[in-house]
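Here the structure comes first, spelled out in structure tokens, and everything after it is commentary.
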Amino acid sequence: MGRFEESEWIWHEGQFIKWHDATVHILSTVVQFGSSVFEGIRCYDTRDGPAIFRLPEHLKRLRNSCRIYRIELAHTDSDLIKACCGVVRRNTLASCYIRPMVMRGYGAMAMDGTESPIETYIPAWEWGTYLGDDALAKGVDVCVSSWNRAAPNTFPGMAKSTGHYNNAQLIKLEAMANGFVEAIALAPDGTISEGSGQNTFAVMDGSLVTPSIGGSNLSGITRNAVITIAGDLDIPCREMVMPRELLYCADELFFSGTAAEITPIRSVDHIEIGAVGMGPITRRIQERFREITSGAANSDHGWLTRVA
Ligand code: PMP
């Protein structure tokens, strides 16, 4: 994983506190039972200054994660937009990663945590490329995980909750132990779900395909951006149930995610993908994504929130 730089300030309930003062008690409900929801958002250094990518969409997903877990979020979207922009400004960051977190804090020992206060923190820090320096240009070698994603109606796939990332860690740690940077996990029915922290796309005969949102994968905001960009570029795109073996037969494969952005996949289980390295459709999507996030595109769909 790329290096990170500590920042100085973290937003906490309307105040800025020092990075190292953002601590919680070990008996907080979040520490004992993983009760927190969060977002991962990128701020890009555009030619018009720092701009946050798809901030309202991320805040909407945060709010939905709270609803699913019955966590009352005390802040309005407009307060959270100000807070996210504020934490970037206060730390004088240009490009960074923003991680709003809403958690059940310290106050109750009972597992439900409803007696514990709900606390919101927003850290932001500089972060390098997620899957290694060459990943965006040359692609990554991945495997299919022996771990499945959680079944629908167990851990709710539409919620981005800390607890769910124990499953993601199993997937990622096993992949790394076997010499891969990342894995693609299957849904309980054996069809393709997603990576530990990114969605998956395949190119088949000139069309993009991606697994439907079926309760085991996250409805990625970058995934949605790829579908929209494909529409702009007249590349057909379909959401469908995808059998595992499609991974070995695809002309191109790539990951999409806030951290991974558009990362080509070079091989799966040591089987090379049709277009080794970056295929032509992946390249077009990646280029348009870069154009938008750098602030250079004619139309960015209103996806950038300027910080200044
Ligand atoms: N799946 C999982 C499990 C993730 O953690 C992420 C990262 N948030 C994604 C997919 C990609 O989602 P997004 O494009 O919104 O970052």
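Quick note: the coordinates plus some simple rules give every number you see, no bench work behind them. As the structure is a computational prediction, the values presented were derived from the model and not from experiment. Using ideal geometry, Cβ is built from the backbone for each residue, glycine included, and neighbour counts are taken over all protein chains shown.
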- Message: Cross-link candidates for Lys138: which aspartates and glutamates have Cα within less than 20 Å, leaving aside residues fewer than 8 places away along the same chain?
- Response: Glu182, Asp251, Glu252, Glu261, Asp269, Glu272, Glu287, Glu291
- Task: In whole angstrom, note down how far apart the Cα centers of segment 241-263 and segment 18-40 are.
- Result: 33
- Note on the structure: Here Rg/Rh (Cα, Kirkwood) for segment 135-294 equals 0.93
- Message: In Å and on Cα atoms, what radius of gyration and Dmax does segment 215-292 show?
- Response: 12.5, 33
- Using +1 at the Cβ of each Lys and Arg and -1 at the Cβ of each Asp and Glu in the chain, identify which of Thr23, Leu131, Asn217 lies farthest towards the dipole's positive end. Thr23
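Summing -39500 (n - 2.57) over the DSSP H runs of n ≥ 4 in the chain and dividing by its residue number, what mean residue ellipticity at 222 nm do you reach, to the nearest 500 deg cm²/dmol?
So the helix-based figure for the chain works out to -7500 deg cm²/dmol.
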- Per the charge dipole of segment 138-212 (beta-carbon charges, Lys/Arg positive, Asp/Glu negative, Cα centre), the residue among Leu173, Thr191, Val140 reaching farthest to the positive end is Leu173
- Task: Take the alpha carbon gyration tensor of segment 140-207, find the square roots of its eigenvalues, order them as a ≥ b ≥ c, and report rounded if a/c is under 1.5; if not, report prolate when a/b exceeds b/c, else oblate.
- Result: oblate
- Item | Cα gyration tensor category, rounded, prolate or oblate, for the chain with a/c compared to 1.5 | oblate
- Fewest to most Cβ atoms within 10 Å: Trp303, Trp19 sort as Trp19, Trp303
- Computed about the Cα centre, the charge dipole of the chain from +1 Lys/Arg and -1 Asp/Glu charges at the Cβ has a magnitude in debye, to the nearest 20, of 500
- With +1 on the Cβ of every Lys and Arg and -1 on the Cβ of every Asp and Glu, the dipole magnitude of segment 135-294 about its Cα centre, in debye rounded to the nearest 20, is 360
- Query: Classify segment 4-127: rounded, prolate or oblate, from the alpha-carbon gyration tensor (a ≥ b ≥ c, eigenvalue square roots; a/c under 1.5 rounded; otherwise prolate if a/b is larger than b/c)?
  - Reply: prolate
